[in-house]
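Each remark here refers to the structure printed beneath this line.
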Amino acid sequence: MIDKGEISFEGGKQNLPDGWKWVKLGDYTTKIGSGITPRGGQSSYLKTGIPLIRSQNVHINYFEENGLAFISKEQDEEMEASRVIPGDVLLNITGASIGRVCVVPSKLCPANVNQHVTIIRSDGSWNPFFLAYFISTPDFQKFILDNQSGATRQALTKSIIENFKIPLPPLHEQKRIAEIVNRQMEAVEKARQNAIAQLEAAKELPTAYLRDVFSSPEAQQWDRKRLKEVCDKITDGTHQSPPFTTEGIPFLFVKNIVSGRIDFKVNQYISQKTYEELTRRCKPIKGDVLFSAVGSFGIAVVIETDKPFIFQRHIALIKPKREQVDSHFLAFYLNSPSGRQQSELAALGVAQRTVTLKSLSDFEILLPPYTIQKHIAETLTEKLTEAEQLCKTLEEQLEAIKKLPASLLRQAFNGEI
């Protein structure tokens, strides 16, 4: 535990604990330098060979092997100056990932880097993990972003990196701090992976619930009807671009049809007069079902509002016979694996797949008695609401976990461990 001084980075002006000092990074390294683009560029990459580390592989305090490229021994010889050895610190120096830093995994060596990654090689004064952790602190990351050069592209030059002011404690103290932070980071990463796994499982719950209902042996005994047989009308939105206004009645696009609900946050509106003209042939009302027919096709939502709105032709409007079909039951069926399969089979085109009104009208619908439809719809609504809340809770937990590394690093370099 450091009992004196703070080490948080603000230009290297803090008082440091006894035995610590602010130094220029370049004075305590044997190498600071990036690589080059291999001869032949990406076309020369191999499936196996000498690993070529790119910026996409370097993240804040971890190395991502997915997307790792490989080059031949001959190319590696040509790029001898940028070979990576165990203990090297890797720093991204260009683009959106500027400042990301980690220690190269020893198992990866021998390896090489391209021009977007620089190698920081200690002269023996640094514990590489201590150095990488300090560079990854929020304050130092801000310093990097504030001091990048290049008018049109973020970039760290060799000179900037050489002049980084870094606190240099005794090597044994660096090792102690790095080991503590390593253990803490491992625990955080384990918690992050667990939260991700739980969130992914929670996101699968709605599909699982729908599959359990509509693929059950009981469902196979229900009546089978064509959608057009149980609907008063199946149509779509306006085919013409109406005169838009800055306020008035919302005009929806297919992007406003999201899983489970209608998003009324829009930028386009129409006047009352235009609305009356466009809805003369068919007006959407509460209890009708909207169905995305183009692009992100196959999503069904029930209209839950009495407020007027209108939509484009990429959205289908389904008006079920209310005495025969519960709207929520119908939407659940269309969103189930059984319904989605029909959408996939019906969708035409390549660049922008489309479910035509004719195809939609011919969808086969499984229909139990109306009272059972109501009961199923109520049960599924309750279960899906619970699943949605679970996802929200897990997402909040994941965001909290993601903030832990920054907090731990502040503690480490403020003398709190």
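No lab work stands behind these numbers, since they all come straight from the coordinates. The structure displayed is predicted, hence computed values, not measured ones. Every residue, glycine as well, gets a Cβ built from its backbone with ideal geometry; the counts of neighbours run over all protein chains shown.
Restricting Ile262, Ile270 to those that are within 17 Å of Asn335 (Cα to Cα) and touching a residue at least 24 places away in the same chain (Cβ under 8 Å) reduces the list to Ile262.
Counting only residues that are outside any helix (DSSP H, G or I), over 26 Å from Lys225 (Cα atoms) and not acidic (Asp, Glu), region 366-417 holds 4 of them.
Of all residues in region 359-396, exactly one satisfies the criterion of being basic (Lys, Arg) and surrounded by fewer than 13 Cβ atoms within 10 Å (Cβ to Cβ), namely Lys392. Taking Lys273 as the residue in question, decide whether it is among the charged types (D, E, K, R), surrounded by fewer than 18 Cβ atoms within 10 Å (Cβ to Cβ), within 20 Å of Ser336 (Cβ to Cβ) and out of contact with any Pro (no Cβ under 8 Å at 6 or more places or on another chain). It is false that Lys273 is among the charged types (D, E, K, R), surrounded by fewer than 18 Cβ atoms within 10 Å (Cβ to Cβ), within 20 Å of Ser336 (Cβ to Cβ) and out of contact with any Pro (no Cβ under 8 Å at 6 or more places or on another chain).
When region 209-244 is filtered for residues that are polar (S, T, N, Q), out of contact with any helix residue (DSSP H, G or I) (no Cβ under 8 Å at 6 or more places or on another chain) and over 13 Å from Tyr333 (Cβ atoms), the ones remaining, listed by number, are Gln220, Gln221, Gln240, Ser241.
For region 52-81, enumerate the residues that are assigned to a strand (DSSP E or B) and within 27 Å of the chain's Cα centre (by Cα). Walk me through it before giving the result.
Taking region 52-81 and keeping what is assigned to a strand (DSSP E or B), we get 52-53, 58-59, 62-63, 69-71.
Within region 52-81, Leu52, Ile53, Val58, His59, Tyr62, Phe63, Ala69, Phe70 meet the criteria.
Looking across region 166-191, the residues that are surrounded by 17 or more Cβ atoms within 10 Å (Cβ to Cβ) and touching a residue at least 12 places away in the same chain (Cβ under 8 Å) come down to Ile166, Pro167, Leu168, Pro169, Gln174, Ile177, Ala178, Val181, Gln184, Met185, Val188.
Could you tell me whether Arg121 is outside any helix (DSSP H, G or I), surrounded by fewer than 13 Cβ atoms within 10 Å (Cβ to Cβ) and touching a residue at least 60 places away in the same chain (Cβ under 8 Å)?
No.
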